[in-house]
Every structure is written in structure tokens, then in C-alpha cells.
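Encoded as C-alpha cells, the structure appears first; notes follow it.
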Amino acid sequence: MKVVVIGAGPAGYYVAEGLLNQAGADVEVDIVDRQPVPYGLVRSGVAPDHQSTKSVIRRFAALHDAPALRFFGNLEVGRDVTTDELLQLYDAVVLATGADDDRRLGVPGESLAGVYGAARFVGWYNGHPDRVGLDPLLDTTSAVIIGNGNVAIDVARVLAKTPAEMATSDLVAHAAARIHASPLREICIAGRRGPLQVGFTPKELGELGELAEAVTTADPAQLPPPGAVAAASAGLKRVLASIEDYSRRSPEPGRKRLHLEFFARPVRILGDGRVTGVQFERTIVENGVCTGTGELFERDCGLVVSCIGYRSRPIGGVPFDAASGVHRNAGGVVAEGLYCTGWSAHGPAGTIGSNRREGFELAARLAARPAAPGKAGRVGLAALAAARGIEIIDFAGWRRIDAAEVAAAVPPAPRRKFVLTREMLAAARG
Ligand code: NAP
């Protein structure tokens, strides 16, 4: 069985792992990425100060000990090769392309300078080659972060931490220079619903209470009633306990303030050319559904980062569900021989580990398919790429990039990332 997986992030690697486990020596799995480097979200999405989360790459790297798995980096499906060509070469093609683009807020003023979606902003501070030129406007004392999920927490924490707190991170140099020179003092994380509806997880929210130079606050009047707290799940109770703790804290002179604002739906980004604030409508929440009350209020700021979820990118020839931003599929099946998994199949939800079960299940389905004799597989793909003059980076090439990044790090940082594709290619060539 010859399978090609498009996207070398967690969703792709878990399918590859499942196939190697299921089918053993009878399978050949190629994992393709448009970047010369693997690991997708783990490298470009996971926060630079969450290095323990990134340690999952050791598991993925170990899979390459098996010759049955091969990495084809620097190859973009839809541009360099088509999915139809891959379907000719392989028994199955799996799209695990993640969700690289931002959902839009859909409010006036969203295109003003100083307003960024999390995909762009996080990609910038994580050194994604497509995002290094973002050059966000950080010459402001006040920021609003929209959304009540863990991405909003990541962005707020990276903006609030001191250089010393980020010393063990792999925050890229261009972002560290800009963030740590910013006069930012006030960071507001605004959610359209209440504390009972947040997407925060306890550990991530708890970290906001331990920042060296920032105090996290919340409004006691926005806390849920004791009965609702008592009925909450164990995880949500821990989240609510943190919010209650923050509601007892007060801003402190000389420290940054990170404020959790609930029941605040953005209706307009204010400004003329550049953002100067956000206009919100106060909401009430009944049975989890929020409704505007008509009461408007404004919060001044010079930076807005909307962390309201991501969309996948369409790939030429693959049906796309534009409303939900995923490859159109029925239970992971896009078309005969063409599958999808992870965020590009169902949208951005869950942790890296949630992809494991999904990937293993898809692998089991693929392993049960009959393989067609005579498929050219990786030999055919390598020949096609060579004929088109595409420089494929294999896993040995990635190991050279990795070694160069680690060697360039200033301890205790774990690595100094290359942020330009040409730098990565040069390092891969050795
Ligand atoms: P998320 O958890 O789904 O949060 C998205 C937030 O955006 C929600 O609060 C949502 O509010 C809000 N929102 C959506 N549309 C909006 C609009 N038009 N106006 C205002 N607010 C809007 O998504 P995420 O933070 O992007 O994270 C994606 C996934 O990655 C999650 O499963 C997350 O847990 C995971 N993640 C995990 C970690 C970690 O474990 N450390 C770190 C980062 C991300 P409503 O709820 O009202 O829709």
C-alpha cells in the first residue's frame, strides 16, 4: 500500500504512525509539506514558551527510523503537483493541511492598520516564512485580544512576558526585538460570552496568574452565580476558580495589566487608517447563547489581535466548504482514494493529542483498503519533482536544518529558527 499524506503537522504524522503500526512492512508512507521543515502547527502554532508541548516532535522524528516513511519537504500540492497526479501515483492521498488562515470578524474596521488575525500574528512570532514580513504595529500602550480560547491566552502571554521569562523559548529574534521594545501596558482579552462558556483550559488560564511583570484582573460583577459554578465540570471549576482569583486582584503601578472582559461582542473596529479602539456591545447569555443588549461601550487600543479560530486553505481540484473553511468531506472521505483529517477536515478544535485517535482510525481504514498493483509511489513523486526542477528536502535535510538551528541558539533558548525559506534550503544543503 502506498499512501501520501499532505501536511507534516500532528494530524499528518498521526496518520503516518497509525499506518506504520497497522500495516508494518507492507506500507510505504510519504509525508509532504510545502515548507522545507516538518511539524506544522507544532513549529509554527504552538506558543514559543510552551516547549514541553513541542516535545511531541521527538515521537514524530522517531518514525523516520523506518525507511517506510519518507519526508518530501519544499513541495506544494496544488502548485508543484496536483492531487490528481498524486492519486495516479498512490493508493490513497490524505489531506492533513491544517488551518492556516484566519476567520474574519466580519465587522467594520477589520482592515485597519494594527488589526491582525491570530494565524498571521502567531505565525509572525513563531517565524513562519509566510508571516515574517507582517511587521505588526506594537508602538502602543494598549491592546485588545478578541476571543476566549487558548490562542487568545497564548497571544496575551507572549505579549506580556519579559525577556527573562522568554529566555527558554524559541521566540524568533525579529519578534522578540519588537515585542520587548513595545510600550504595551494594558492587554484586554475580550469574550462575547461569559466565564461559563470560555474555551480556556485550566493550566493555560492559570499561567496568566504567574506572570513576572503583569497582573491579571477580572470584574467580580461578571462572575457566575455560585449555583452555576457548583454545576460546572471539574475542568471548568478550575477555570472559574482562576477567574475568581483574578477578580480579587487589582492593577499595580509599574506592572502591565491583563484584563479579562466578558459579555463583550465586538461590533466595530474604530480608527481612521489605524485602529484607535474597539466598540463592543454588552451581551447577556442564556442557555449558552449570547444576545446583544444594545448597550455599546468602547475600549481604546492601538493593537487588535482577533483569536476567533482558523480556516483551511483550498487546494486546486479539491472541493472546499467555504462556509466552514474545510475540505468538503463525509467522515473524512473527500473522493475515491482522497481523504482528509485534522483541522482541514473538521475545523480547529482540540489539542495536538486529539489528532492521535482520529489519525489512527483513518490509518486503520486505509490499511483495510486493497492496494492496486503497479502504483509508482515515492519513486514516481521524486521523478515528477525532479522533472519540474523542485528541490525536495528529505528528512536528512531537515536534520541538517535542525542541527544548524540548535547550534545557532543562545542558551538557554533551545533553537534559533530560520525564518526564510532560502535560509532553510541553504542549511538543508549543508
Ligand atoms: P477556540 O477555543 O474555539 O476559541 C475561539 C474563541 O473565539 C471563542 O471564545 C469564540 O467565542 C470566539 N469567537 C468566534 N467568533 C467570534 C466572533 N465573531 N466575535 C467574537 N468572538 C468570536 O479557538 P482557539 O483559541 O483558536 O483554539 C483552537 C484550538 O486549539 C482549541 O481547541 C484550543 O484549545 C487549542 N489550543 C490549545 C492550546 C494549548 O493546549 N495550550 C493552545 C492554543 C490552542 P464563542 O465561544 O462565543 O464562539
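The values are calculated or read from the model by the stated rules, or taken from the named source; none is laboratory data. Being a predicted model, the structure only gives us computed values, none of them experimental. Counting neighbours? That spans all protein chains shown, and the Cβs are built from the backbone with ideal geometry, glycine included. For the accessible areas, the whole protein counts, side chains as well, though only heavy atoms, and no ligand, DNA or RNA atoms are used. Shrake-Rupley method; radii C 1.70, N 1.55, O 1.52, S 1.80 Å.
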The range 256-350, accessible area per residue, ligands and nucleic acids excluded (1.4 Å, Å²): 44
Cα-based Rg/(2.2 N^0.38 Å) for the range 320-430, rounded to two decimals, is 1.43
Show me, for the range 408-424, the HN-Hα J-couplings you get by feeding each phi into the Karplus relation (A = 6.51, B = -1.76, C = 1.60, θ = phi - 60°), rounded to Hz, glycine and proline as x. 7, 5, 9, x, x, 5, x, 7, 10, 6, 6, 10, 10, 4, 5, 5, 5
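Could you look at the range 330-411 and say what percent of its accessible area is carbon and sulfur, using a 1.4 Å probe and all protein chains? Walk me through the numbers before you get to the answer.
On the way: 2480 of 4060 Å².
That fraction is 61 percent.
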For CYS188, residues with placed amide H under 5 Å, excluding near neighbours: ALA143, VAL144, ILE145, HIS259
Could you name the lysines whose alpha carbon sits less than 26 Å from that of LYS417, not counting residues in the same chain fewer than 8 places away? LYS54, LYS161
How large is log10 of I(q)/I(0) for the chain at q = 0.14 Å⁻¹ when the intensity is taken from the Debye formula with one equal scatterer per alpha-carbon? -1.28
If amide hydrogens are placed 1.01 Å from N in the peptide plane, which non-local residues have theirs closer than 5 Å to the one on VAL267? GLN279, PHE280, GLU281
Name the long-range amide H neighbours of ASP30: under 5 Å, sequence gap of 5 or more, or other chain; modelled H, no Pro or chain starts. VAL3, VAL4, VAL5, ARG70
Hits in the range 40-61: amide N under 18 Å from the 7 Å Cα→Cβ extension of THR162, namely 49
Note: the range 261-316 at 20 °C, 1.002 mPa s; Kirkwood Rh on alpha carbon pairs; Stokes-Einstein D in µm²/s works out to 162
Could you tell me which residue out of GLY317, ALA335, GLY353 lies farthest along the dipole of the range 244-366 toward its positive end? Charges go on the beta carbon: Lys and Arg +1, Asp and Glu -1, centred on the Cα centre. GLY353
Label-reachable residues, the range 49-93, where backbone N falls under 15 Å from a point 7 Å from ALA376's Cα toward its Cβ: 81-91
Hey, what's the Kirkwood Rh for the range 246-342 if you take every pair of different alpha carbons, in angstrom? 17.7
So what's the range 66-207 giving for Rg/Rh, alpha carbon basis, Kirkwood Rh from the mean inverse pair distance? 1.05
For the range 100-227, the accessible surface attributable to carbon and sulfur atoms (probe 1.4 angstrom, ligands and nucleic acids excluded) amounts in percent to 52
Binning at 5 Å from 0, report for the range 1-61 what percent of all alpha-carbon pair distances ends up in each bin. 4, 18, 27, 22, 14, 9, 4, 1
Eligible lysines near LYS2 by straight Cα distance, threshold 26 Å, same-chain separation 8 or greater: LYS375
The range 47-157 - accessible surface per residue (Å², probe 1.4 Å): 35
